[in-house]
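Structure first, commentary second.
The values are calculated or read from the model by the stated rules, or taken from the named source; none is laboratory data. These numbers were taken from a predicted model, which means no experiment stands behind them. No Cβ is skipped: glycine too gets one built from the backbone with ideal geometry, and neighbour counts run over all protein chains shown.
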Amino acid sequence: METRNKPLSECLEEVETQVGRARLKAYLESLPFPHFEAHPTIQRAYIRIEANGTRIAGRFLGREFVALD
C-alpha cells in the first residue's frame, strides 16, 4: 500500500468536517491513559478517564488533578 503526504492546504480543508473530526478522535484515543475531557455541566472541571474505563470528575490545582467531592 502506497502512502502519500498530503499538502497542508488539503489537510486544512478537512478541519471541522466529519473526516477531520474522526481523524482527531482516533488520534486522541491512541494516546496513553489517562484521557481527559471537559465536564459537561461544571465550568473549569474535567473528567479523567482511566484505561479500565473509570471516570473521575475533578479540577487541576497547579499541575495536579484533584477529584471533586
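Considering only the stretch 17-48, how many residues are assigned to a loop (DSSP other than H, G, I, E, B) and over 28 Å from Phe60 (Cα atoms)?
Within the stretch 17-48, the first condition is being assigned to a loop (DSSP other than H, G, I, E, B), and the residues that meet it are 17, 31-34, 39-45.
When the remaining residues are screened for being over 28 Å from Phe60 (Cα atoms), the result is 17.
Total meeting the criteria: 1.
Give me the residue from the stretch 1-14 that is touching a helix residue (DSSP H, G or I) at 6+ places or on another chain (Cβ under 9 Å) and either in a loop (DSSP other than H, G, I, E, B) or of a type in the set (D, E, K, R) (or both) and, out of that set, modelled with the highest pLDDT.
Glu13
If I filter the stretch 25-36 down to residues being within 8 Å of the chain's Cα centre (by Cα) and among the hydrophobic types (A, V, I, L, M, F, W, C), which single residue comes out as surrounded by the most Cβ atoms within 10 Å (Cβ to Cβ)?
Residue satisfying both the conditions and the ranking: Phe36.
Any residue in the stretch 5-22 that is touching a residue at least 24 places away in the same chain (Cβ under 8 Å) and of a type outside the set (Asp, Glu)? Reasoning before the result, please.
Filtering the stretch 5-22 down to residues touching a residue at least 24 places away in the same chain (Cβ under 8 Å) leaves none.
No: zero hits.
When you check Glu16 against the structure, is it surrounded by fewer than 10 Cβ atoms within 10 Å (Cβ to Cβ), at positive phi and out of contact with any Pro (no Cβ under 6 Å at 6 or more places or on another chain), yes or no? Please lay out each step first, then the result.
Values: surrounded by fewer than 10 Cβ atoms within 10 Å (Cβ to Cβ): yes; at positive phi: yes; out of contact with any Pro (no Cβ under 6 Å at 6 or more places or on another chain): yes.
Criteria met by Glu16.
Could you say which residue among Ile47, Ile56 is surrounded by 11 or more Cβ atoms within 10 Å (Cβ to Cβ) and touching an Asp or Glu at 6+ places or on another chain (Cβ under 7 Å)? Spell out how you get there, then give the answer.
Working: Ile56 fails: touching an Asp or Glu at 6+ places or on another chain (Cβ under 7 Å).
Only one candidate passes the filter, namely Ile47.
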